[in-house]
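> Attaching a single structure in structure tokens format; questions to follow.
Rule-based calculations on the coordinates, nothing more; no lab input. Just so you know, these numbers come straight off a predicted model, no measurement behind them. Virtual Cβ from ideal backbone geometry, glycine too; neighbours counted across all protein chains shown.
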Amino acid sequence: MNPYGNSTLPPGVRSRRINNVNGLTVHLLEAGYEVTGRPVVLLLHGFPELAYSWRKVILPLASAGYHVIAPDQRGYGRTTGWDDSYDADPDPFRPLNMVRDAMGLVYALGHRSVASVVGHDAGSPVASWCALVRPDIFRSVVLMSAPYDGVPLLPFNIANGAAPPRPAPTDDEIDAQLAKLERPRKYYQRWYRTREANDNMMRAPQGLHAFFRAYYHYKSADWKANKPFPLKARTAEELAKMPTYYVMDRDKGMAETVAPEMPSAAEIAACKWLTEAEVGVYAMEYARTGFTGALQGYRVRRGDDPKSMAELRTFSDRTIDVPSCFIAGKSDWGVYQTPGAVDRMQSAACTQMRNLHLVEGAGHWVQQEQPEEVSRLLIGFLQHQAEVADNREK
């Protein structure tokens with residue numbers, strides 16, 4: 001097997017595997033491990049990404065005095081111990097077990113706590129639940145691209161006549177509404193749960209490398225039509241205002257959706273934040289693993305999944321009470337794809353939300369598109385928390 005990163009990892013970033021982590025052998029990237037006792041920063045990637053997605057911020061964080069750990073999450077990359085079949089038991093991918101994955105890795109590396117857990121995209125809900133469930137371990141949290149809008153609630157006071165919470169439309173209901181539009185559409189997360197999703201992307205007619213290039217381009221600030229804005233409600237008409245990578249044409253898979261947005265040869269040559277060699281790392285890793293494991297999270301995190309919702313309602317009315325921060329690209333539709341989520345995150349779900357940063361010149365892949373600014377924001381947040389802790393002890 002080729003070295004992880006295929007010779008594109010910055011010197012000083014170490015790739016290694018850790019056995020016996022909640023049933024997994026976890027592959028991770030790390031830096032700052034040479035000095036014992038450093039505070040830990042745990043970086044959790046999203047979809048379709050890898051630990052590799054953090055390659056540009058690992059060393060700046062380590063240079064600021066942290067032991068930086070970025071694993072390939074369950075279902076991804078060179079982490080093993082998960083079932084890659086579509087019909088596999090999805091339970092290991094449920095949010096609370098993903099929290100156990102994070103805890104197990106931190107403990108395996110000899111740490112009792114982390115200074116911050118940072119999650120991007122699909123890593124953001126994992127980071128959120130880490131901070132909510134075990135604030136004693138995860139002392140602060142940084143969410144990227146995907147806002148956290150709170151715990152699903154148990155009905156309160158209904159015995160005395162209070163109305164139960166009105167459920168939001170399910171993805172199935174939204175999909176049925178989207179199908180009836182003049183231009184029939186479908187919701188990408190629901191499609192990602194289908195058996196066909198893996199084969200569509202793995203066997204993309206344009207090839208896997210070109211699929212990744214187009215997908216990453218389409219969701220980045222390089223695609224100039226990415227000009228997101230808050231949606232008024234979770235209705236088909238409002239959701240259909242988003243680009244087709246979120247609300248797809250009814251008759252197309254993701255491979256066909258992104259193909260028309262393939263950048264030109266000149267655009268590819270000018271793309272310094274994602275070189276052809278770097279795209280090749282994603283294509284090489286996913287060619288080996290497929291997408292099915294990575295997509296399992298979409299199957300268990302949906303709001304109408306009875307088992308996941310039952311588990312999460314155990315924490316009804318709990319909030320994230322550790323210091324928190326939100327970072328996303330200014331051109332990232334992920335900020336607004338769940339209407340009202342950003343407001344709920346700031347007003348109720350996170351009680352110590354320090355800052356919300358929308359980074360210029362970045363779309364969905366904020367830590368890859370603008371790594372210098374993301375590193376600066378992360379280090380500033382971490383140093384502020386350390387100063388507050390020091391003052392509290394004095």
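> Quick check on the chain: take the gyration tensor over C-alpha atoms, sort the square-rooted eigenvalues as a ≥ b ≥ c, and tell me if it's rounded (a/c under 1.5), prolate or oblate.
Note, shape of the chain comes out rounded.
> Work out from phi, with θ = phi - 60° and the Karplus expression 6.51 cos²θ - 1.76 cosθ + 1.60, the ³J(HN,Hα) of each residue of the stretch 353-358, listed in order in whole Hz, and give x for Gly and Pro.
Result, ordered by residue: 5, 7, 8, 10, 10, 10 Hz.
> Let me ask something else. For the stretch 299-393, which GluC sites (Glu not before Pro) are in a loop by DSSP, counting at most 14 other Cβ atoms within 10 Å?
Those that pass, being in a loop and sparsely packed, are Glu360.
> Continuing with the same structure: Hey, if you put +1 on the Cβ of every Lys and Arg and -1 on every Asp and Glu Cβ in the chain, which of Val281, Ser316, Leu96 ends up farthest toward the positive end of that dipole?
Value: Ser316.
> If packing is taken as the mean number of other Cβ atoms within 10 Å per residue, what is the order of 193-199, 270-276, highest first?
The densest-packed peptide leads the list: 193-199, 270-276.
> For Ala266 and Asp89, FRET efficiency with R0 = 35 Å and r from the beta-carbon atoms, rounded to 0.05?
With a Förster radius of 35 Å, E is 0.15.
> Which one, Tyr33, Gly329, Pro339, is farthest towards the positive end of the dipole of the chain when Lys and Arg carry +1 and Asp and Glu -1 on their Cβ?
Checked the options; the winner is Tyr33.
> How many nm separate the modelled label positions at His384 and Thr170, each set 7 Å beyond the Cα in the direction of the Cβ?
4.1 nm
> What is the distance in Å between the Cα centres of the stretch 122-149 and the stretch 165-214?
Spelled out, the Cα-based centre of one part sits 26 Å from the other.
> Once the dipole of the stretch 171-295 is set up with Lys and Arg at +1 and Asp and Glu at -1 on Cβ about the Cα centre, which of Ile174, Gly207, Met254 lies farthest towards its positive end?
With unit charges placed on the Cβ atoms, the residue in question is Ile174.
> Still on this structure, I have one more. Shape of the stretch 171-295 from its Cα gyration tensor (a ≥ b ≥ c, root eigenvalues): rounded if a/c is under 1.5, otherwise prolate when a/b > b/c, or oblate?
Oblate, since a/c reaches 1.5 and b/c is not below a/b.
> About the Cα centre of the stretch 78-191, how large is the charge dipole given +1 on each Lys and Arg Cβ and -1 on each Asp and Glu Cβ? Please answer in debye to the nearest 20.
Charge dipole of the stretch 78-191: 380 debye, to the nearest 20.
> What ranking do His384, His27 get, fewest neighbouring Cβ atoms within 10 angstrom at the top?
Listing His384, His27 from fewest to most nearby Cβ atoms yields His384, His27.
> Right, something else. Arg392 to Ala225: FRET efficiency via 1/(1 + (r/R0)^6), r the Cβ-Cβ distance, R0 45 Å, to the nearest 0.05?
FRET efficiency, Arg392 to Ala225: 0.45.
> Ok, one more. Cut-off 10 angstrom, C-alpha nodes, Gaussian network model of the chain. Which of Val142, Val21, Val335 fluctuates the most?
Its mean-square fluctuation being the largest, the pick is Val21.
> Moving on. Please state the charge dipole magnitude for the stretch 171-295, taken about the Cα centre, from unit charges on C-beta atoms (+1 on K and R, -1 on D and E), reported in debye and rounded to the nearest 20.
Once rounded to the nearest 20, the dipole reads 200 debye.
> Relative to the present Cα-Cα distance, how much length would full extension add between Lys180 and Glu256 at 0.36 nm per residue of separation?
Here the segment from Lys180 to Glu256 would lengthen by 25.3 nm.
> If packing is taken as the average number of other Cβ atoms within 10 Å across a peptide's residues, how do 131-140, 236-245 rank, most packed first?
131-140, 236-245
> DSSP loop (so not H, G, I, E, B), at most 15 other Cβ within 10 Å: list which GluC sites (Glu not before Pro) in the stretch 1-107 pass both filters.
Qualifying residues, ordered by number: Glu34.
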